[in-house]
Amino acid sequence: MYAWLWRHLPGRWQARTALAVGLALAFAAVLWYLVFPWVEPKVQFDHGVVDGTPASSTAPTAPATPG
């Protein structure tokens with residue numbers, strides 16, 4: 001795939017390198033600003049589930065007993 005892309009970019013190697021870097025940055029920007037924000041609410045990596053109940057940071061904890 002990289003060879004195909006390199007062959008189809010116009011110009012000498014300096015221009016091809018600049019275009020390839022620009023295309024990679026544009027692709028990364030589309031992922032960062034459009035795709036990832038759209039996917040994030042659907043995936044929810046930061047929600048841990050144990051035994052079918054979602055974890056809560058406000059759940060009461062048992063007091064520490066002196067030992």
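Throughout, read-outs are computed from the coordinates displayed, never taken from laboratory work. Bear in mind the structure is a predicted one, so any value in this text is a computation, not a measurement. We place every Cβ from the backbone using ideal geometry, glycine too, and count neighbours over all the protein chains shown.
Which of the residues belonging to segment 3-40 are of a type in the set (Gly, Ala, Ser) and in a helix (DSSP H, G or I)?
Correct list: ALA3, ALA15, ALA18, ALA20, GLY22, ALA24, ALA26, ALA28, ALA29.
Consider only pairs whose beta carbons are under 7 Å apart and that are at least six residues apart or on different chains; among these, list those whose first residue lies in segment 10-37 and is small (Gly, Ala, Ser) and whose second residue is outside any helix (DSSP H, G or I).
ALA20/LEU9
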